[in-house]
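Reading through the structure tokens given below for one structure.
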């Protein structure tokens with residue numbers, strides 16, 4: 001019946017109106033419209049900060065200022081420019097490890113609301129792996145590791161992936177530039193808003209950014225923490241080079257450039273993006289695999305788990321330590337609840353799925369990825385995220401083809417949404 005019945009019409013919620021009888025625009029109703037929302041990428045505080053590297057110890061980066069406390073912050077883009085001088089001096093070093101040059105950069109962390117670290121990784125390689133899985137631009141795949149021009153790595157990774165060699169240690173002074181991202185949120189093609197207990201708030205998904213940061217206000221005192229690894233390290237996971245015979249020396253500097261991606265300060269709630277009750281996070285924690293032929297490891301994050309990667313490493317392997325080859329991994333099962341499986345994978349099956357999700361890209365050697373938010377149509381959605389708030393016992397189970405060494409371990413990186421109380 002045209003127009004519907006009177007009963008149906010009465011069930012429709014009334015349109016909210018202002019005092020003049022005009023329809024009210026909801027929060028975010030004008031966000032991202034031309035002429036209203038203005039995007040910008042601009043210099044951040046601490047841009048071009050210089051730190052002297054050490055050949056033997058980690059060095060904290062001293063940043064003189066906090067992040068700019070205006071506008072709506074979406075992402076910090078960090079330019080890393082290494083200038084290194086090194087000499088063998090009749091000694092020798094092992095060949096460059098799988099993570100060189102990204103592991104010149106050590107631990108990075110950022111806490112936006114003093115509740116937990118929005119970003120917390122042990123090494124530049126982990127920051128780069130997160131980027132590989134969730135890049136700023138979805139089209140950036142052909143040369144993701146920034147090898148052209150003047151980069152130290154080359155090419156798309158082969159199956160189960162290996163890096164090509166970085167510059168030889170015998171080289172004189174050289175420069176290595178690359179970038180690292182610290183995102184403050186994630187774009188979803190289909191976002192389902194949830195209560196803290198995991199119950200749906202909206203049945204219809206929306207395109208959304210979760211969670212941009214409103215930087216205005218005197219209480220937004222935020223400073224990222226960076227530490228640079230020693231040039232000559234104990235193993236190839238703790239730094240770019242390992243001394244094989246005494247004699248080598250190394251020195252250098254790193255210049256960190258900071259650029260912020262923002263939306264200029266909105267005028268009202270109507271052009272302010274919706275602030276969902278979730279905080280985006282990336283964190284990586286270490287777990288021992290010493291002398292294990294199998295392992296069950298509880299995932300370290302509470303919330304909506306969007307992606308998990310496993311970076312396996314053995315510091316006592318030949319040539320200064322090495323990533324554990326995935327041929328040693330028989331099974332990698334992501335489990336939850338009472339014996340339920342999210343993925344019951346071999347290493348090959350996990351890599352094959354990741355290739356199909358991410359335009360034929362593969363992670364570095366020794367890394368397995370379970371990405372739960374890119375579906376078969378290529379949409380990014382939290383529909384299939386593993387939610388620890390309404391399930392329990394979220395863990396990964398490994399079976400190895402043999403017993404690992406007494407020093408083996410795995411770094412587990414988790415991309416998640418954590419429920420927060422907005423401040």
Query raised in the report: For residues in the range 111-130 being modelled with pLDDT under 95 and in a loop (DSSP other than H, G, I, E, B), which is surrounded by the fewest Cβ atoms within 10 Å (Cβ to Cβ)?
Result: 114
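List the strands (runs of 3 or more DSSP E) inside the range 357-423, counting only whole elements, that have at least 3 residues being surrounded by 21 or more Cβ atoms within 10 Å (Cβ to Cβ) and in contact with a helix residue (DSSP H, G or I) (Cβ under 9 Å, 6 or more places away or on another chain).
Working: elements: 367-371, 395-400, 409-419.
Result: 367-371, 409-419.
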Query raised in the report: From the residues in the range 201-238 that are in contact with a helix residue (DSSP H, G or I) (Cβ under 9 Å, 6 or more places away or on another chain) and assigned to a strand (DSSP E or B), which one is surrounded by the most Cβ atoms within 10 Å (Cβ to Cβ)?
Result: 228
Query raised in the report: In the range 239-259, what count of residues is obtained for those that are surrounded by fewer than 21 Cβ atoms within 10 Å (Cβ to Cβ) and part of a loop (DSSP other than H, G, I, E, B)?
Result: 2
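Can you tell which of 133, 108 is farther than 21 Å from residue 324 by Cβ, at pLDDT 70 or above and in contact with a strand residue (DSSP E or B) (Cβ under 8 Å, 6 or more places away or on another chain)?
Details: 133 fails: farther than 21 Å from residue 324 by Cβ.
Just one listed residue meets the conditions, 108.
Give 130, 116 a once-over and let me know the one that is within 10 Å of the chain's Cα centre (by Cα) and touching a residue at least 60 places away in the same chain (Cβ under 8 Å).
On the way: 116 fails: within 10 Å of the chain's Cα centre (by Cα).
Step by step, each of 130, 116 is checked, and only 130 is within 10 Å of the chain's Cα centre (by Cα) and touching a residue at least 60 places away in the same chain (Cβ under 8 Å).
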Query raised in the report: Does residue 309 fit the bill of being touching a helix residue (DSSP H, G or I) at 6+ places or on another chain (Cβ under 8 Å) and under 30 Å from residue 390 (Cβ atoms)?
Result: yes
**Report entry** Positions within the range 316-335 being outside any strand (DSSP E or B), touching a strand residue (DSSP E or B) at 6+ places or on another chain (Cβ under 8 Å) and more than 14 Å from residue 365 (Cβ to Cβ), in sequence order
**Finding:** 320
Query raised in the report: Across the range 61-98, what is the number of residues that are outside any loop (DSSP other than H, G, I, E, B) and over 21 Å from the mean Cα position of the chain (by Cα)?
Result: 8
Query - residue 14 under 30 Å from residue 209 (Cβ atoms), surrounded by 10 or more Cβ atoms within 10 Å (Cβ to Cβ) and at pLDDT below 85 - result: no
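The values are calculated or read from the model by the stated rules, or taken from the named source; none is laboratory data. A quick note: this is a predicted structure, and the numbers were derived from the prediction, not measured. All Cβ positions, even for glycine, are placed from backbone atoms using ideal geometry, and neighbour counts span all protein chains on display.
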